[in-house]
Amino acid sequence: MNGKLDFSQVNWDEFGKATIETLQMLGYSSLFTLLIGLPLGIVLFLWARSSSYMLRVLYSILSVIVNILRSVPFIILIIALIPITKEIVNTSIGVRGMIPPLVIGAAPFFARLVETALREVDRGVIEAAQSMGASTWQVVYKVILRESLPGLIAGFTVTVIALISYTAMSGLVGGGGLGTLAVNYGYYRYETAVMLVSLVLIVLMVQIIQMIGDRLVLHFTRK
Amino acid sequence: MITIKNLVKTYTTRGKSATALNGINLEIGQGEIFGIIGHSGAGKSTLIRCINMLEQPTSGSVRIGETEITRLGKRQLQRERRKLGMIFQHFNLLSSATVYDNVAFPLRLERMPRAEIDRRVKEMLELVGLTEHAKKYPAQLSGGQKQRVGIARALAPNPRVLLCDEATSALDPQTTDSILRLLLDINRKLGLTIVLITHEMHVIQSICDKVAVINGGIIVEQGPVIEVFLKPREAITRDFIKRESEGGEMFEEAIRAVHVPSSRTVRVTFIGELTYESTLSQTVKETGVDFAILQGTISRIKDTPYGQLVVRFEGDTDSINNTLRRLTEQRLEVEELQ
C-alpha cells in the first residue's frame, strides 16, 4: 500500500456497472425475501399460538429450521448452497447466482422479524374482530397485517440493509457488484481509492434505505 | 332470547385445572338489559365470552333465539357472531384505521356494497354523536369517544344482542354515565337485548332490568334489579350494595350501639309512587308515636323511584306495633333492625 489516494485509478464506468449489479441483486433478493419471508412469518405466528397440537409441533420444527438458516454465516451459506443454486438458476456466480443464497439467507431472518412484529398486535383487537365474525384469513389481512404495518416496514428495512452487506460479501466468491470491485481492486491490488469509493457508495445505499424506511414507518404510525 | 344451561368452563394449564364457571343457568329475555355483577375472578368475563364463543365452554349449552351457538361449526359460528355485537373495557379499536373505517369494519367483513356501508356508518356515527370525528384516528379520541366508536361498530351490522364486557370500567364517572345513557337509549330505540358485566352496582342500578350476582363460578342470586337491590339475600350482594351507599355498615353498627328505652328501630322501604307520598307522617300522626330518621336514601333504580329509611319509633309498645302494622298494610316494607 502506498498510502496515497489516487482517484485516477478509479474506473467510473466500471463503478456504474457494479452499482447497477448491486442494485439488481438487492432488488431481486429483497423482492423474493419479502414474498417468502412474509408468509413464512405469518405461518410461524399462527402456528405458534394454534389450538391444534400438530400445528404447534410443526411450528417447533419450522422454528428450528429458521434458526439453523439464520445461524450459518452468510459466506459459508453461499458456498454450501452452490449445488442448489445451480439447480435453481443454472449458475452459481454473477448476479443470478447470488440471488438464491441471498434469499435463503435473508428470508428466515425477515420471517422472524415478521413474527415478532405480528406478536406486538393487541390481542384485544384480534378478539374484537373475531367477535364480529371475521375468519382467520380476514383477521390476518384486515387486522394483524394492517395493525403491524409500521413494525413490518421497520423489519423489512433492517432486512434490506442486511442484504446490502450480504451482496458486498458475495464479492469474495464471484458475485459481482460493488463488493467484487472492492475485493478485486481494493484488496488484491491495493487500490485504496477503489475500496474507498465502494465503501462510500455502500454506506450511501444503507443511509438512503434507512431514511426511506424511517419515513414510511412514521407515515403509517397512528399511535 | 338467550338461554344458558349448565355452563361449565374449566381451564387446564400444565396438568392443573381451575374451574371458572361451575354450572351456570340463565334466561335473558328479548329487549332486556341484563346485568351480571361479580368481583374480578368470579367468572363473569368468562361467562360473557362464552355467549359468543370467544371462550369455548367445557360443557353445557348457550342458545340464542333458535340457534344453539355451542354446537355450531366454524363458518356457521362466524355468521352467527355477526348478530352479536360486543364492546370491551379497553375498546379494542383498530389503531391504524379512522373512526369511519372502524365502524365500517364489520360491514366490510360482510361484503356489504359501498354505498350501503357509507349510509350505515354515517347513521351509526350520528347515533353515537361522533359525526365530526369520522376522519380521526382512535389515538386522537378520549376514552368516552373511543367507547362510542366501539358501540357504533358493534351496532353497525344491526345485531340482536349487545354484549358489554366491562364497557365502562376504564372510564371516569361522568363518561360512564353518558355511555350508560347511550346504552339505555339504544335499548329503547332499537329494542336491543343488552347483556353487560360489571363490578359496579351503580351500573346495574342505572340501566339494568335484571341482575345476576356471580361468585366463584356460580350464580348466587338473580332477579329483577329492584328486588335484588332492596332485598338482597346473599352476603356478597349486600356487599356490592353497601359499597354504593357509603359507610352503610358502620352506620348500622352505630345505630345498634345507641340504646333508647321504649323504642324500636326499623328499616322502611318505599318502592314506586309510594316514595313521594306522605304515608309515614300520616301514620305517626294517627298512632301518636315519635320518630327519628337515622339514615335515609331516596333514589331510583333505572326508572323506579325508591326510598329506604332507617327510622327509630319511640312510644309505648302497642302504639309502635300499631304503627308498624299500618305501614305494612300500606305496602311499605318494614324490617326490624334490633
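The values are calculated or read from the model by the stated rules, or taken from the named source; none is laboratory data. A quick note: this is a predicted structure, and the numbers were derived from the prediction, not measured. For neighbour counting, all protein chains shown are included, and Cβ atoms are generated from backbone atoms with ideal geometry for every residue, glycine included. Accessible surface is based on the protein model in full, side chains and every heavy atom, while ligands, DNA and RNA are left aside. Shrake-Rupley method; radii C 1.70, N 1.55, O 1.52, S 1.80 Å.
Can you give me the Kirkwood hydrodynamic radius for the stretch B:1-89, using every pair of distinct Cα atoms, in Å to one decimal?
So the Kirkwood estimate lands at 13.8 Å.
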> What is the spin-label model distance, in nm, from A:Ile208 to A:Asn67 if the labels are put 7 Å beyond Cα along the C-beta direction?
Replying inline: 3.9 nm
> Dividing the convex hull volume of the Cα atoms of the stretch B:259-336 by its residue count, what figure in Å³ per residue is obtained?
Replying inline: 77 Å³
> Over chain A, what is the relative contact order in whole percent, taking alpha-carbon pairs under 8 Å and six or more residues apart?
Replying inline: 28 percent
>> Using protein chains only and a probe of 1.4 angstrom, how many square angstrom of B:Leu190 are accessible, to the nearest 10?
In response: 100 Å²
> Of the heavy-atom accessible surface of chain B (probe 1.4 angstrom), what whole percent is carbon and sulfur?
Replying inline: 46 percent
> Cα convex hull of the protein assembly as shown: how many Å³ per residue?
Replying inline: 221 Å³
> For the stretch B:160-222, rounded, prolate or oblate, judged on the Cα gyration tensor with a ≥ b ≥ c (square roots of eigenvalues), a/c < 1.5 rounded, else prolate if a/b > b/c?
Replying inline: oblate
> When the helix-only estimate is applied to chain B (DSSP H runs of n ≥ 4, each -39,500 (n - 2.57), divided by the residue count), what is the mean residue ellipticity at 222 nm, nearest 500 deg cm²/dmol?
Replying inline: -11500 deg cm²/dmol
> Which parts of the stretch A:107-143, residue by residue, lose 50 Å² or more of accessible area when the rest of the protein chains are there, as against the chain isolated (1.4 Å probe)?
Replying inline: A:Glu127, A:Ser131, A:Met132, A:Gly133, A:Gln138, A:Lys142
>> What does the structure give for B:79-91 when I average, per residue, the other chain Cβ atoms found within 10 Å of the residue Cβ?
In response: 3
>> Explain nothing, just compute: Karplus ³J(HN,Hα) = 6.51 cos²θ - 1.76 cosθ + 1.60, θ = phi - 60°, for every residue of the stretch A:39-55 in order, whole Hz, x for Gly and Pro.
In response: x, 4, x, 4, 4, 4, 4, 5, 5, 4, 10, 5, 7, 7, 5, 4, 5
> So what's the gap between the Cα centers of the stretch B:120-138 and the stretch A:61-93, to the nearest angstrom?
Replying inline: 53 Å
> Accessible area lost on pairing B with A, both sides, 1.4 Å probe, Å² to nearest 100?
Replying inline: 2100 Å²
> Which whole-number percent gives the relative contact order of the stretch B:2-243, counting Cα pairs below 8 Å spaced six or more residues apart?
Replying inline: 27 percent
> Per the helix-only calculation at 222 nm, which mean residue ellipticity applies to chain A, given -39500 (n - 2.57) for every DSSP H run of n ≥ 4 and division by its residues, nearest 500 deg cm²/dmol?
Replying inline: -24000 deg cm²/dmol
>> Can you compute 3J(HN,Hα) from phi for each residue in the stretch B:61-73, using the Karplus curve 6.51 cos²θ - 1.76 cosθ + 1.60 with θ = phi - 60°, rounded to whole Hz and x for Gly and Pro?
In response: 9, 10, 10, 10, x, 9, 9, 8, 5, 6, 10, 7, x
>> Quick one: the Cα spread of chain A along its three principal axes, in angstroms, biggest first?
In response: 70, 40, 25
> So what is Rg over Rh here for the stretch B:153-293, counting just Cα atoms and using Kirkwood for Rh?
Replying inline: 1.07
> Could you state the per residue volume, in Å³, of the convex hull enclosing the Cα atoms of the stretch B:72-158?
Replying inline: 95 Å³
>> What number comes out for accessible area per residue over the stretch B:2-243 if the probe is 1.4 Å? Units Å², please.
In response: 43 Å²
>> From the P(r) of chain B, could you give the percentage of C-alpha pairs in the tail past 26 Å?
In response: 57 percent
